[in-house]
Amino acid sequence: MTDKSHRDRLLRVCDLHLEGRSDEEWIPIVKGVSFDLHKGEVLGLIGESGAGKSTVGLAAMGFTRDGVRIAGGSVEFDGVDLVNASADVKRNLLGKRIAYVAQSAAASFNPAHKIIDQHTEAPVQHGVEGRADSEADAMELYARLRLPNPEEIGFRYPHQVSGGQLQRAMTAMAMSCRPDLIIFDEPTTALDVTTQIEVLAAIRKIVEDFDTAAIYITHDLAVVAQMADRIKVLLKGEEVEEADTRTMLSSPQQDYTKSLWAVRSFERPAKPAPAVDAVPVISVNGITAAYGTVEVLHDVSFDIHAGRTVAVVGESGSGKSTAARCITGLLPPVSGQIELEGVPLPADYRQRSRDQLRQVQMIYQMADTALNPRKTIGEIIGRPVQFYGRMKGKGKRARVEELLDAIEMPPAQYIDRLPSELSGGQKQRVGIARALAADPKFIICDEVTSALDQLVAEGILRLLARLQDELGLSYMFITHDLATVRAIADEVVVMKDGRVVEQGGKRDMFQPPHHPYTDLLLSSVPEMDPDWLTDLLAERGVDNIGDAAVDKM
Amino acid sequence: MIVLTILAGVAGLLAAAWAFRAIGRAAAGGRPRFRDMSFGEAFGWVFAAAALAFGVWLYLQEGAVFFRWAVQGFVIFSVAAWVFRTLGRHVGTEATRKLFRQMPLTAAFGILVILIYAVVAIFAGVIAPYGQEQVLANANVVAGGNPALGGDPAFPLGTDQIGRDILSRLIYGAQNTVGIAFATTCLAFALGGTFGFLAATLGGWLDQVLSRFVDVLMAIPSLIFALLLMTIASVWANQLGVPLTVFMVVIIAVIDSTRVYRLARAVAGNIVVMDYIEAAKLRGEGLGYLIFKEILPNATAPLLAEFGLRFCFVFLTIASLSFLGVGIQPPAADWGTMVRDLAQFINYAQFAPQAAITPLLAAGAIALLTVAVNFVVDWMLFRSSGLKE
């Protein structure tokens, strides 16, 4: 990452103001953002959701979503004023000289056409090259991006290709006209860590190979540290600060930036090991489970003791959530047994007593779908209080207010709101309160922080930790994020393909020797060091990261 | 020759569109309005202008009586809808005022018409000048109330072949047709909604049995099926002493409930996979709580929209059955029967528009309500974000 600021300026965004239409009036969503981008330079835009990152990214192409307008400022791309440019001028630039890579490749490809047909569309339309040349070029790009079978993979339909491969195919598609500028909008957010690293390496390589300038939008600092030459931090539509990557990482100036940096430092003190003869709160004994005839869990066993947190780690498809479904009784296992404080639980939740159901609660990943959008917060939390505690009227109301206090949301302000009137973090807190309302012993937290911004996620983790200390709860913490594990777990269970690969105390797990799979997981978590990816690639080689490495096991 | 004329016309329009855009660009300078206008859009504008000009020309023609009435009706209804919406924007609570501010004119029109129909249907006995079965002195009085053309000021919309006042029958028809259609739709929703929700929530064999049964019912063309059942029912109705109308309500409700079942099952199917339903199940909640407290509140918007549409279909089915003679039985007034009874007057349209209007009044009443309900439904679907751009 050499300094590229002396090179020709490609894009200048000057005092950009954007407004969004909400209900009946225009509300400012971006309040004055300016930056320059030089040829071959990568700018990282970071900030929480709602900070206006994506809106700025799109505005840099002269494009706004429906219900958004450019209220002021200028966007100048290579001498062309994109704010006032005619549709014809923009049409000639977009796709050809400016390309866009969206967050969800699966949603951005048209499922009815083959990947290569979508790839060749832009070059042919723009008259850059003919169809045959473009196809040959696509295969070359696929090879550069290390997609398996580059000759053949383009002739598949999008659903026949995995998420990480699709994201790389989309990057290849953006490259098809050799644009001067690519805008990456959270391209790896939806991917597993092991897949993410492959996509990161591919994007970085191709951007360097073709000397393309890029705007890289993300909320993950560690990722942007690998990709960007310079970083710009946004908060609620206003710029906080901008500096080159190393300066930004080593000496952030603003309080907000410092707080972002500090998030990763949260770590709970280790707890003493449970007594040898203690009865675990939840004991999973040799569970084998299947969807239909396909076995997805093979002889899984682990114990969760009172007041402790067990993190279950693994990629998507490794059976983490299925294990949780077995414990809750949604998926009765084929064989094996689950014990609650030494007493076997009926396999099907319908056969469990109300008290047994009360003891095991669940907090979901997507707070949006976990809360009934038509009920107020008071009703959502009040229902389990009434259902299990058989409290009504004043007693119920007092308990709901107590729970809202416990999750640090003032009752007077929030009790009558609907979930749609809350932020993501607040919704997740309500989910926690609903679980607490049952007065349980054991809570399953299914990826509770993965949909949240880092600062908000840290708040949730601290809340969960405090509640555990106060109420003596046990957590089963399902996650793929090892930073979260480091922050909150006491014990770690690593799963792969429905099997427990390794389990033990947190300290043992983060120190070598590891099982090769644990090692791969650990090494794939980006660190806040701008050289991390370069060093990792040098150390392991391009063939020993990501899915390629998983396949070798 | 005709083909050539049409081709020349289209070519002329295309040229005009091109000129329109070029002139607009020159006159407006660099403003995006004309600069980014596609040729298709320019053609659309020019075509609309041409159509409007043709409309004005037609309006001024002596013979185009019906077109003139249609235009006048359109203008009157637009103005009424606009006045109604303006009124709603300034009267009422903050919430209703906001509702009216966001409302398109079509929805305001729809709501206004539905309100008028409701009032007329409920207070038919008070509003109607004569009884629906009352046979008056003169048969076949022409509408318009102008004695010179054969009208009578006492019967502004004229009388039918046996001398009953058409205005009164139209008003009572609102009560009979709309009232029965409303009851039928409610019954269809009670049936279809209940079974649809049950099928989606319980799944398994119940879902299979219900869905296959509904498939069988849906496989038979609905109007012919209804006719067949009504023929059978007319025999039973005499034996049992139950009015045929009751059978009609049940038959149409059952046939239409299959469509409601499909929708309710699909909507509930999307809701039962949500995490909050899983949370409620894991809490140990019963079926009643799940359906009424968790699923139903989230299914109201699409179901309400379907209610509007389904009401139109039921309404048209009843009118069709009545037109065919097996629906609402005389002497009760019904719009479908009225259209059938007066249908032969349509032949006078060429030389005596006043006389030909009589069957069209009932048909127009049906059409107006159908259009109004559809406008409101469209708007509701839009609001529940189903059809947002």
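The values are calculated or read from the model by the stated rules, or taken from the named source; none is laboratory data. Everything numeric in this text was worked out from a predicted model, so none of it was measured. As a convention, Cβ positions derive from the backbone with ideal geometry for all residues, glycine included, and neighbour counts pool all protein chains shown.
Quick check on my filter: what residues within region B:1-37 are in a helix (DSSP H, G or I), loosely packed, with under 13 Cβ neighbours inside 10 Å and of a type in the set (D, E, K, R)?
B:Arg33 - this is the single residue of region B:1-37 that is in a helix (DSSP H, G or I), loosely packed, with under 13 Cβ neighbours inside 10 Å and of a type in the set (D, E, K, R).
Report, by residue number, each residue of region A:323-335 that is assigned to a helix (DSSP H, G or I) and away from every other protein chain (no Cβ under 14 Å).
A:Ala323
Before we move on, is B:Ala233 modelled with pLDDT of 90 or more, assigned to a helix (DSSP H, G or I) and among the hydrophobic types (A, V, I, L, M, F, W, C)?
no
Just to check your reading of the model, which residue among A:Thr218, A:Thr171, A:Thr247, A:Thr188 is touching a strand residue (DSSP E or B) at 6+ places or on another chain (Cβ under 8 Å) and free of Cβ contacts under 8 Å to residues at least 60 places away in the same chain?
Values: A:Thr218 fails: free of Cβ contacts under 8 Å to residues at least 60 places away in the same chain; A:Thr171 fails: free of Cβ contacts under 8 Å to residues at least 60 places away in the same chain; A:Thr247 fails: touching a strand residue (DSSP E or B) at 6+ places or on another chain (Cβ under 8 Å).
None of the other options fit; the residue is A:Thr188.
For region A:336-364: of the residues being assigned to a loop (DSSP other than H, G, I, E, B) and farther than 24 Å from A:Leu463 by Cα, which is farthest from the other protein chains (Cβ to nearest Cβ)?
So, considering only residues that are assigned to a loop (DSSP other than H, G, I, E, B) and farther than 24 Å from A:Leu463 by Cα, the one farthest from the other protein chains (Cβ to nearest Cβ) is A:Gly342.
Among the listed residues A:Gln254, A:Gln226, identify the single one that is modelled with pLDDT of 80 or more and within 24 Å of A:Arg144 (Cβ to Cβ).
None of the others qualify; the one that does is A:Gln226.
Restricting attention to region B:66-101, which residues are in a helix (DSSP H, G or I), hydroxyl-bearing (Ser, Thr, Tyr) and more than 16 Å from B:Val376 (Cα to Cα)?
Residues of region B:66-101 in a helix (DSSP H, G or I): B:66-90, B:94-101.
Of the ones still in play, those that are also hydroxyl-bearing (Ser, Thr, Tyr) are B:78, B:86, B:96.
Selection gives B:Thr86 alone.
Just to be sure, is B:Gln344 closer than 17 Å to B:Phe247 by Cβ and either free of Cβ contacts under 8 Å to residues at least 24 places away in the same chain or outside any helix (DSSP H, G or I) (or both)? Give the steps one after another, and end with the answer.
Details: closer than 17 Å to B:Phe247 by Cβ: no; either free of Cβ contacts under 8 Å to residues at least 24 places away in the same chain or outside any helix (DSSP H, G or I) (or both): yes.
In short, no.
Are any of the residues in region A:377-398 assigned to a loop (DSSP other than H, G, I, E, B), more than 8 Å from every other protein chain (Cβ to nearest Cβ) and modelled with pLDDT of 85 or more?
Scanning region A:377-398 turns up no residue that is assigned to a loop (DSSP other than H, G, I, E, B), more than 8 Å from every other protein chain (Cβ to nearest Cβ) and modelled with pLDDT of 85 or more.
Given the conditions (1) in a helix (DSSP H, G or I); (2) aliphatic (A, V, I, L, M); (3) more than 22 Å from B:Glu306 (Cα to Cα), which single one is not true for B:Ala226?
So B:Ala226 meets the others, but not (3).
Out of curiosity, is A:Arg466 part of a helix (DSSP H, G or I), modelled with pLDDT under 85 and surrounded by fewer than 21 Cβ atoms within 10 Å (Cβ to Cβ)?
no
Using beta carbons and a limit of 6 Å, which pairs, at least six apart or on different chains, have the first residue in region A:16-33 and within 14 Å of another protein chain (Cβ to nearest Cβ) and the second one not in a strand (DSSP E or B)?
Within 6 Å, the pairs are A:Arg21/A:Gly67.
Filter region A:99-133 down to the residues that are out of contact with any Asp or Glu (no Cβ under 7 Å at 6 or more places or on another chain) and among the hydrophobic types (A, V, I, L, M, F, W, C) and list them by number.
A:Ala99, A:Ala105, A:Ala106, A:Ala107, A:Phe109, A:Ala112, A:Ile115, A:Ala122, A:Val124, A:Val128, A:Ala132
Conditions (1) within 14 Å of chain A (Cβ to nearest Cβ); (2) of a type in the set (Ser, Thr, Tyr); (3) in contact with a strand residue (DSSP E or B) (Cβ under 8 Å, 6 or more places away or on another chain); (4) over 25 Å from B:Thr358 (Cβ atoms), marked per residue:
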position	(1), (2), (3), (4)
B:Val79	no, no, no, yes
B:Phe84	no, no, no, yes
B:Leu87	no, no, no, yes
B:Met103	yes, no, no, yes
B:Gly151	no, no, no, no
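Could you say which residue among B:Phe155, B:Phe197, B:Phe182 is touching a residue at least 12 places away in the same chain (Cβ under 8 Å) and within 16 Å of B:Arg262 (Cα to Cα)?
Step by step, each of B:Phe155, B:Phe197, B:Phe182 is checked, and only B:Phe197 is touching a residue at least 12 places away in the same chain (Cβ under 8 Å) and within 16 Å of B:Arg262 (Cα to Cα).
Looking at (1) more than 14 Å from chain B (Cβ to nearest Cβ); (2) over 30 Å from A:Leu166 (Cβ atoms), can you tell me which one A:Ala85 breaks?
Result: A:Ala85 passes all but (1).
Are any of the residues in region A:215-238 in a helix (DSSP H, G or I), surrounded by 17 or more Cβ atoms within 10 Å (Cβ to Cβ) and among the small types (Gly, Ala, Ser)? Outline the logic, then answer.
Narrowing region A:215-238 to residues in a helix (DSSP H, G or I): A:221-227.
Next, from what is left, pick out any that are surrounded by 17 or more Cβ atoms within 10 Å (Cβ to Cβ): A:221-227.
Now drop any that are not among the small types (Gly, Ala, Ser), which leaves A:222, A:225.
Yes, region A:215-238 contains a residue that is in a helix (DSSP H, G or I), surrounded by 17 or more Cβ atoms within 10 Å (Cβ to Cβ) and among the small types (Gly, Ala, Ser).
Go through the residues of region A:296-315 one by one and say whether even a single one is part of a loop (DSSP other than H, G, I, E, B) and surrounded by fewer than 14 Cβ atoms within 10 Å (Cβ to Cβ).
Taking every residue of region A:296-315 in turn, none turns out to be part of a loop (DSSP other than H, G, I, E, B) and surrounded by fewer than 14 Cβ atoms within 10 Å (Cβ to Cβ).
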